[in-house]
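Working notes for the structure below.
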């Protein structure tokens with residue numbers, strides 16, 4: 001009987017806590033989109049290096065006009081070339097942000113500090129996209 005009471009109290013506590021967590025406010029998706037958009041603009045104004053980490057074929061379909069095309073799985077091969085940009089801000093993008101995230105981890109492993117995963121082309125000025 002005592003075990004059942006403890007179990008019921010535990011279930012009620014978890015249920016109440018879950019309800020409280022759901023009610024907590026969190027930043028809206030719009031806020032984070034605006035924040036990322038602003039961060040990309042700020043870094044571009046500081047002459048950031050932009051790297052499109054998609055495939056050559058994806059790059060040819062559309063890309064940021066000043067972007068380098070280094071597929072994410074080739075970033076490590078190009079570390080020596082990228083060393084020249086180690087002290088500059090670097091913006092990475094792909095289609096969904098996954099490959100850019102992997103490339104960001106690789107760069108950070110080699111000591112790059114100012115690297116932003118900008119997810120995709122949606123966060124760049126439309127007039128600077130080459131199609």
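Matching residues to (1) in contact with a helix residue (DSSP H, G or I) (Cβ under 6 Å, 6 or more places away or on another chain); (2) farther than 19 Å from residue 130 by Cβ; (3) free of Cβ contacts under 8 Å to residues at least 40 places away in the same chain:
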| position | (1), (2), (3) |
| --- | --- |
| 42 | no, yes, yes |
| 45 | no, yes, yes |
| 75 | yes, yes, yes |
| 81 | no, yes, yes |
| 92 | yes, no, no |
| 108 | no, yes, yes |
| 115 | yes, yes, yes |
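Would you be able to tell me the number of residues in the stretch 87-105 that are at pLDDT 95 or above, part of a loop (DSSP other than H, G, I, E, B) and farther than 16 Å from residue 121 by Cβ?
Filtering the stretch 87-105 down to residues at pLDDT 95 or above leaves 88-105.
Narrowing the set further to residues that are part of a loop (DSSP other than H, G, I, E, B) leaves 88-89, 94-97.
Those still in the list that are farther than 16 Å from residue 121 by Cβ too: 88-89.
Summing the residues that are at pLDDT 95 or above, part of a loop (DSSP other than H, G, I, E, B) and farther than 16 Å from residue 121 by Cβ in the stretch 87-105 gives 2.
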Self-check item: Filter result (under 17 Å from the mean Cα position of the chain (by Cα), under 18 Å from residue 87 (Cβ atoms) and outside any helix (DSSP H, G or I)) within the stretch 30-69
Solution: 48, 49, 50, 51
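The values are calculated or read from the model by the stated rules, or taken from the named source; none is laboratory data. Just so it is clear, the model here is predicted, and its values are computed rather than measured. FYI the Cβ positions are ideal-geometry reconstructions off the backbone, even for glycines, and counts take in every protein chain you see.
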